[in-house]
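To start, the structure itself, in C-alpha cells.
The values are calculated or read from the model by the stated rules, or taken from the named source; none is laboratory data. Note that the coordinates shown come from a computational prediction; the quantities given were computed from them, not determined experimentally. With ideal geometry, Cβ positions are generated from the backbone for all residues, glycine too; neighbour counts draw on all protein chains shown.
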Amino acid sequence: MLEEQVMKLVGKTGDGIVMEVEKGAIKRYADAIGDYNPLYWDEEYARESGFDAIVAPPGFFGWPVSWDGPMPILVPLMAEMMDTIIKAGYGSILDGGIDYEFLRPVRAGDVLTAISRIASITEREGKSGKILFSIVETTYVNQDNELVAKTRQTVINR
Amino acid sequence: MVSQISWENIKVGDEIPALPKVATTQMLVKWAGATGDFNPIHYEDGFAAAHGIGKPIIHGQLKRAWLVQLITDWIGRAGTIEKFSCQFKAIDYPRQMKSMTEPAEGETHWCKGLVKKKYADGDKHYLECEMWIQNGKGEKTTLANATIIFR
C-alpha cells in the first residue's frame, strides 16, 4: 500500500513555467550534441526552409526565465515529487524514459509555457523489492497559444 | 551532413545511415551547461563512485538527443519527427580528454536504426523507425522509436 503522501501527488498540476527560446541557447544545445544541422545555426537556411528564425532541435524547449535551486532542469513539481517519494523510503532514482509528441516547430524568439501534471504513480513488485513508476506529463504552449509539444516522462524509484 | 531523401524511395527494412558519437567528459560539461542538468553523477568521480556506478556516466537525455540527430540528419528537410520515445537499458561512459580538443582513445557509441513501417493516411506520408545506441562491446544501451511525417 502506497503512503498517503505519495498518493496525494497523483493528479497534481504544477504552475506554468515560462521558457525563453534564445538563439544562443539553441546553438549551445546543438553544439553539446555535436549537431551542426544548418536549421539550428544558419538564419538564411532556416528562412529558405520555411521558418522565420533558426529552429530548436526536437526536444529543446528553451530555458526557464527564472529558477530556484541548483538544477534549472528540475521544475518545482518534479522536485516535490522526488522529495516526497524519497522520504517515503524509495532511495534510488532511475530515468525510465521519455515519450515526445512534436506538434509544431520551436523557433528562436518563442516564449513557451510548460505545464506539468503527475499523471500516475503505481507500485509493482520487483525482483529485489518494491518499484515505483511515476509518470509526469508536460505540455508546451507558445506565445500564440499553440500547442507545440507534449511529453510523458517515466521516473522509476526503488 | 544533412541528406535529402524521399518517402517514395524508402523501403521497410532500410537501414538509417549510422551516426558515430565519441562522448567525452568535455561533451558532458557542455550538455550540463546547455540543459541545466547539473547532477554531479555526470562530472564528479567520487560522487559517481558513491552511487555505485564507478565513474561519471553519459546523460540519458544526451543519448536521446543523439538518436533524434540520427533521424534529422537522415530526413533533412523532407520530413519532421512527429513522435519519439526513448528508453534507457544500460549506462554509458564518456572518454577522457587527451588535449583541449582531442578525445583519448576509447569507446565509440554508434547510433543505428531501421525502417519498421511505411504508410499513408490520405495525403500524409509516414514512416516508423526503431533506433538504438550500441556501445563498444556491441550492446544496445538505449532504445528508441520514432514516427516521421513527410511533407
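Which residue, of A:A79, A:A88, is more than 27 Å from B:G33 (Cα to Cα), of a type in the set (A, V, I, L, M) and more than 11 Å from every other protein chain (Cβ to nearest Cβ)?
When all the criteria are applied, what remains is A:A88.
Can you name the condition, by its number, that B:P56 falls short on among (1) closer than 23 Å to B:L143 by Cβ; (2) assigned to a helix (DSSP H, G or I); (3) touching a residue at least 24 places away in the same chain (Cβ under 8 Å)?
Every condition holds for B:P56 apart from (2).
What about B:K137, is it assigned to a strand (DSSP E or B) and of a type in the set (K, R)?
When the stated conditions are applied, B:K137 does not pass them.
Suppose we keep only residues that are farther than 25 Å from A:L147 by Cα and within 13 Å of chain A (Cβ to nearest Cβ) within the stretch B:74-100. Which one would you say is surrounded by the most Cβ atoms within 10 Å (Cβ to Cβ)?
Top of the filtered list is B:P94.
Kindly indicate the residue of the stretch A:17-46 that is touching a residue at least 60 places away in the same chain (Cβ under 8 Å) and assigned to a loop (DSSP other than H, G, I, E, B) and also nearest to B:R151 (Cα to Cα) among those meeting that condition.
Top of the filtered list is A:V21.
Tell me the residue from B:W110, B:W74 that is more than 11 Å from the chain's Cα centre (by Cα), at pLDDT 95 or above and on the phi < 0 side of the Ramachandran plot, please.
B:W74
Pairs, please: C-beta under 6 Å, at least 6 apart or cross-chain, first residue surrounded by fewer than 20 Cβ atoms within 10 Å (Cβ to Cβ) and modelled with pLDDT of 95 or more and in the stretch A:94-110, second assigned to a strand (DSSP E or B) and among the hydroxyl-bearing types (S, T, Y)?
A:D99/B:S85
Need the failing condition index for B:H59 against (1) closer than 24 Å to A:L94 by Cα; (2) within 11 Å of another protein chain (Cβ to nearest Cβ); (3) surrounded by fewer than 21 Cβ atoms within 10 Å (Cβ to Cβ), just the number.
(3)
Within the stretch B:30-46, work out how many residues are loosely packed, with under 15 Cβ neighbours inside 10 Å and either in contact with a Lys or Arg (Cβ under 7 Å, 6 or more places away or on another chain) or not in a loop (DSSP other than H, G, I, E, B) (or both).
3
Take the stretch A:15-36 and flag every residue that is surrounded by 20 or more Cβ atoms within 10 Å (Cβ to Cβ) and not hydroxyl-bearing (S, T, Y).
A:I17, A:M19, A:V21, A:I26, A:A30, A:A32, A:I33, A:D35
When only residues in the stretch B:1-23 that are under 24 Å from B:R95 (Cβ atoms) and surrounded by fewer than 19 Cβ atoms within 10 Å (Cβ to Cβ) count, which is nearest to the other protein chains (Cβ to nearest Cβ)?
Here the residue is B:M1.
Restricting attention to the stretch A:47-77, which residues are without any contact (Cβ under 8 Å) to a residue 60 or more places away in the chain and not in a loop (DSSP other than H, G, I, E, B)?
A:R47, A:E48, A:V55, A:W63, A:P64
From B:E105, B:E82, B:E128, grab the single residue that is charged (D, E, K, R), without any contact (Cβ under 8 Å) to a residue 24 or more places away in the chain and within 17 Å of A:E101 (Cβ to Cβ).
After ruling out the rest, the residue left standing is B:E128.
Does A:S120 meet the test of being among the small types (G, A, S), more than 28 Å from B:I71 (Cβ to Cβ) and either facing chain B (nearest Cβ under 10 Å) or not in a loop (DSSP other than H, G, I, E, B) (or both)?
So A:S120 fits the description; yes.
Could you list all residues from the stretch B:136-148 that are more than 15 Å from B:V68 (Cα to Cα) and crowded, with 18+ Cβ neighbours inside 10 Å?
Selection gives B:T141 alone.
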